1. With viscosity set to 1.567 mPa s and temperature to 4 °C, compute the Stokes-Einstein D of the chain, Rh being the Kirkwood radius across alpha carbon pairs; µm²/s, no decimals.
2. Which of rounded, prolate, oblate describes the stretch 103-247, given a ≥ b ≥ c as roots of the alpha-carbon gyration tensor eigenvalues and a/c under 1.5 marking rounded, otherwise prolate only if a/b is larger than b/c?
3. Would you count, across the chain, every pair of lysines whose alpha carbons are under 18 angstrom apart, provided the pair is eight or more residues apart or spans two chains?
4. Which one, 71, 187, 219, projects farthest toward the positive side of the charge dipole computed for the chain from Cβ point charges (K/R +1, D/E -1)?
5. Along its principal axes, what span do the Cα atoms of the stretch 2-44 show, with the longest given first and each in whole Å?
6. Could you work out the Kirkwood radius for the stretch 18-66, taking every pair of different alpha carbons, averaging 1/r and inverting it, reported in Å?
7. Along the three principal axes, how long is the stretch 193-288 when you take its alpha carbons, biggest first, rounded to the nearest angstrom?
8. Ordered by packing density, taken as the mean number of other Cβ atoms within 10 Å over each peptide's residues, highest first, how do 99-108, 261-270 rank?
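Nothing in this text is a laboratory measurement; each read-out follows from the coordinates by a stated rule. What you see is a predicted model; the values in this text were computed from it and never measured. When we count neighbours, we look across all protein chains shown, and the Cβ atoms used for this are built from the backbone with ideal geometry, even at glycine.
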Amino acid sequence: MPVRFKRVYVEITNRCNLHCSFCPVSARPFRTMTAEEFHKAAREIRPYCDYLYLHVKGEPLIHPQLEEILSICGELGFQVNLTTNGVLLGRRRQLLLSAPAVRQTNLSLHSYTENTHGPLENWLQELIAYAWDSAAKGRYTVFRVWNLDEQRETNSQGERMLEQLEQAFSLSRGQIRQLAASCRSVTLSKGIFLSFEEEFVWPSLQNPFLGREGTCYGARNMVAVLADGTVVPCCLDGEGECPLGNLFEQPFEEIIQGERLARMAEGFTNRQVKEALCQRCGYRLRFGGGNGNPQEGKKQLKNAVLGTSFARKADEP
Ligand code: SF4
C-alpha cells in the first residue's frame, strides 16, 4: 500500500504580483513551472494523493498556462485547492468557475491594500460574487483573515471587510467580530467560510531554536514541490531549506520513500522534532510546544519573535 498524503502542494510559480509584509519574497531564483513539468509532477504524485494545492510561495493566478494546468488536474482526477491574493480574480473567475477540477478557493483578505486591489468595497464585492457562484457549483470558498493580533483582533481595514461580509451574508452587525475572538472558522453560507488565524512567522534556519519536542502534520499528511522540482516536507518551507530530493531529477516515489522523510515523520509521531528547520519553526507550536501544551507553544513563539531571553537561552545545541 503506497503512502497516502492528505494533500500535496505544487508551487506552479514562485513569482507573486504583491510584496506583503507577512510573506517574505523568496530568496530562490524566480521560476515558473512549465505545463509539461507540471504534467510530469502531477502524474507522479497522483498515486499518493487526491488533493493538489497549487501554491507554496507565489501567486497561482499569474501563471500563463493556468488553463492547461487545471485541465491536466482534471484529466488526472485531482481535486484542486487554490490560495490567491485575489488581485486577478476578476480576470480569472471564468476560468476557475469552468474548470471541473477546482474544489476550493482560499481568498487572502489580509493581502489587501488600496493601491494593489483598488477600492475595498468593489474588490470584496467581486470576491463575494465569486463565492456565491462557486457555492452554486457545490464548491468551497474560504475568506481568510490571517492577520489577527494577540487579542485576536484585526486592523481597521479588516474591520471594514468583516462589516461588509456581515451585510452580504445577512449577519447582525458585530457578529463575525465577536466570533473571531474565539473561533478559527465561521460558516457564512453553504460552501462559504471565513477563517481566522493570528499572523505567523515563516520557518527559517535563521530563526531561534525552539525545541526538539512537538509534532506537525508536515512530512506525514503533506509534502510540497517547489517550482524548481525540490520536494520539501510542508508548504511553509518556501526556501527549500529541508530538501528531500528533486522531482525533476528523480522519481517522486523514490523521494518520499527516502530516509529523511521517514525519519521526520516517525519523529513527529513520537513528538520528536528531528530537522533543524522544524526545531526553528514557530508554526508547529500551534500544535503544542515542548510540553505538548498549545498555550506554552504560543508563549515560546511570542518569545522567539520578540527575541527575548527565552529564545537566546534555548538556542543551544
Ligand atoms: S515543523 Fe514547520 S517546517 Fe517542519 S514540517 Fe512542520 S510546518 Fe514544516
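1. D = 63 µm²/s.
2. Values: a/c = 2.06, a/b = 1.66, b/c = 1.24.
Prolate, since a/c reaches 1.5 and a/b exceeds b/c.
3. Pairs that pass both the separation and distance tests number 4.
4. 187
5. Taking the Cα atoms of the stretch 2-44, the three principal extents are 39, 24, 15 Å.
6. 12.7
7. 37, 31, 30
8. On the way: 99-108: 19.8, 261-270: 17.2.
Highest mean packing first, the order is 99-108, 261-270.
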